[in-house]
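Structure first, then comments.
The values are calculated or read from the model by the stated rules, or taken from the named source; none is laboratory data. As the structure is a prediction and not an experimental result, all values here were calculated from the model. Positions of Cβ are backbone-derived with ideal geometry, glycine not excepted, and every protein chain shown enters the neighbour counts. These accessible areas exclude ligands, DNA and RNA; they are computed on the full protein's heavy atoms, side chains included. Shrake-Rupley method; radii C 1.70, N 1.55, O 1.52, S 1.80 Å.
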Amino acid sequence: CIHRVRSCSSIRFIKSKYVCVFDKSALKFSHQQRLFRTSAVSCGQIVQFKLSDIGEGITEVTVKEWYIKEGDSVSQFDSICEVQSDKASVTITSRYDGVIRKLHYSIDDIAFVGKPLVDIEIDASKGVAPAEDVVETPPMSHEEHTHQEIKGHKTLATPAVRRLAMENNIKLSEVVGTGKDNRILKEDILNYLAKQTGAILPPSPKAEIVPPLRKTETVPAAPKDKARKIPVPVSRPIAFSGKDKTEPVTGFQKAMVKTMSAALKIPHFGYCDEIDLTQLVQLREELKPLAELRGVKLSFMPFFIKAASLGLLQYPILNASLDENCQNVTYKASHNIGVAMDTEQGLIVPNVKNVQVCSVFDIAVELSRLQSLGSAGQLGTSDLTGGTFTLSNIGTIGGTYAKPVILPPEVAIGALGKIQVLPRFNGKGEVFKAQIMNVSWSADHRIIDGATMARFSNLWKSYLENPASMLLDLK
């Protein structure tokens with residue numbers, strides 16, 4: 001009836017049965033009450049923040065940790081939660097300023113892309129967004145969420161990349177994207193910064209490279225909240241329930257199922273050899289103190305990786321990929337060498353990017369970063385994708401030989417055994433103590449023959465048995 005009264009030009013158009021119900025005071029009161037409700041809506045509106053597409057064809061993720069709780073205030077780009085897909089861990093950030101009113105998932109729940117993640121109450125008085133925009137406009141779509149309109153064309157970038165660009169005062173229109181459909185990746189921002197400043201920016205605060213320590217300085221103790229994430233072996237009594245237990249395949253284990261199922265289609269062949277690392281062991285002992293002064297622990301792995309890269313320069317077929325129809329071979333320009341790691345989340349294989357232009361120390365720094373993030377379950381998608389060749393150091397756990405499985409779309413992989421002190425004969429027939437390591441190679445026999453694999457292995461072996469020879473080929 002009130003709507004009828006307001007929309008008519010004269011009261012006489014209303015039927016008498018409606019007029020008799022309301023008097024002048026009633027109309028006035030109802031009109032005031034309607035205005036009061038409208039004002040309340042403009043002061044605070046709850047919007048549903050949906051989980052946007054995080055790429056790589058991911059449709060569902062597992063909620064691993066909440067950084068906020070109901071009632072907390074958040075600002076744009078504040079971290080809301082950490083989710084884990086079958087490829088990587090991703091931190092979700094807020095798009096709004098407001099107050100968290102509801103969490104739609106608990107820890108270890110499965111969250112789906114496009115479904116509400118949290119409810120946020122927007123405060124229009126702070127200038128975050130007008131109430132009309134929040135109420136009448138539907139939630140932002142994935143395309144609007146991951147695209148930014150710049151100078152008449154759309155630039156593809158995720159919120160995390162846009163935040164990194166904003167923090168460094170970079171216009172996305174000036175950055176060339178190397179991702180799918182010219183999407184701007186985090187590496188593109190870092191490369192742009194490197195060209196502008198001449199220095200490489202660490203990918204994230206968690207991956208910050210530790211500067212060299214003076215003799216008078218000490219390493220500060222890690223915060224308790226970070227220390228608890230480091231996996232520590234704990235002896236627990238074994239409890240037998242007497243019942244079968246069924247659990248879903250999730251996370252990195254799910255990724256391993258997909259990858260190894262695809263690897264089954266590749267005809268593998270193996271090649272094994274032993275390496276005398278006596279000279280390399282001595283060299284590492286000399287370089288360890290220098291590396292520690294720079295804040296990095298030097299292991300054998302950086303030498304193995306760099307020697308592999310030098311070998312791949314001579315045998316690029318091992319750093320290639322074969323398409324699904326087996327019609328084309330793509331020779332990769334970058335040596336993104338993966339390193340298999342055993343973590344609480346399962347087997348993960350992050351890779352060191354562009355090893356062909358890295359020094360041994362650069363590789364050691366990057367390995368330290370990847371190991372720290374891997375132990376904490378915080379490796380990003382960029383760290384886990386794009387690999388072109390893989391080394392698996394099974395010797396850190398035990399064993400001398402293995403039969404490694406190729407990680408598609410790569411065509412070769414090596415498994416390194418433990419270093420053993422064994423008796424060997426020198427050129428004079430004298431017995432001496434040698435540091436022996438065994439290596440097991442697997443290669444895709446569709447495009448790689450045994451002779452090529454053997455020649456690559458011999459070259460890699462010569463670099464490690466005579467580490468000074470690497471100086472001749474270092475870039």
Where both partners of a DSSP beta bridge lie in the stretch 268-472, what percent of those bridges are antiparallel, to the nearest 5?
80
In whole percent, how big is the carbon plus sulfur part of the accessible area of the stretch 367-406, probe 1.4 Å, protein atoms only?
54
Between Asn191 and Thr343, how many nm apart are label points set 7 Å from Cα along the C-beta direction?
2.5
Per the C-alpha gyration tensor (a ≥ b ≥ c, the square roots of its eigenvalues), the stretch 45-122 is rounded if a/c is under 1.5, else prolate if a/b beats b/c, else oblate; here it's prolate
Length-normalised contact order of the stretch 268-472 in % [C-alpha pairs under 8 Å, at least 6 apart]:
29
Taking R0 as 30 Å and r as the Cβ-Cβ distance between Thr91 and Thr246, the FRET efficiency 1/(1 + (r/R0)^6), rounded to the nearest 0.05, comes to 0.45
Taking the Cα centre as origin and putting +1 on Lys and Arg beta-carbons and -1 on Asp and Glu beta-carbons, what dipole magnitude results for the stretch 283-442, to the nearest 20 debye?
520
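Find the accessible area per residue for the stretch 329-451; the probe is 1.4 Å, ligands and nucleic acids are left out, and the unit is Å².
Value returned for the stretch 329-451: 43 Å² of accessible area per residue.
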Peptides 295-303, 422-430, 98-106 ordered by average Cβ neighbours within 10 Å, highest first
295-303, 98-106, 422-430
Report, in listed order, any pair from Lys297/Lys332; Lys50/Lys353; Lys332/Lys461; Lys115/Lys254; Lys69/Lys171; Lys64/Lys265 with a Cα-Cα distance greater than 28 Å.
Lys297/Lys332; Lys50/Lys353; Lys69/Lys171; Lys64/Lys265
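Could you order the peptides 373-380, 411-418, 243-250 from most to least packed, using the average number of other C-beta atoms within 10 Å per residue? Walk me through the numbers on the way to the answer.
Details: 373-380: 21.0, 411-418: 23.4, 243-250: 7.9.
Listed from highest to lowest mean packing, they are 411-418, 373-380, 243-250.
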Would you mind classifying the stretch 268-472 by shape? Square roots of the alpha carbon gyration tensor eigenvalues, ordered a ≥ b ≥ c; an a/c under 1.5 is rounded, otherwise it is prolate if a/b is larger than b/c and oblate if not.
oblate
Want the number for Thr452 to Arg294: 0.36 nm per residue separation, take away the alpha-carbon distance, what's left?
53.0 nm
Theoretical gain in end-to-end length, Glu70 to Phe432 [0.36 nm per residue, Cα-Cα removed]:
123.5 nm
Accessible-area value, Tyr271, 1.4 Å probe, nucleic acids and ligands omitted, Å²
60
Please sort 341-354, 306-319 by packing, taking for each peptide the average over its residues of neighbouring beta carbons within 10 angstrom, highest first.
306-319, 341-354
At 7 Å along the Cα-to-beta-carbon direction for both Thr178 and Met470, put a label point, then send me their distance in nm to one decimal.
2.3
Modelled label-to-label distance, Phe77 and Lys102, 7 Å Cα→beta-carbon offset: nm?
3.0
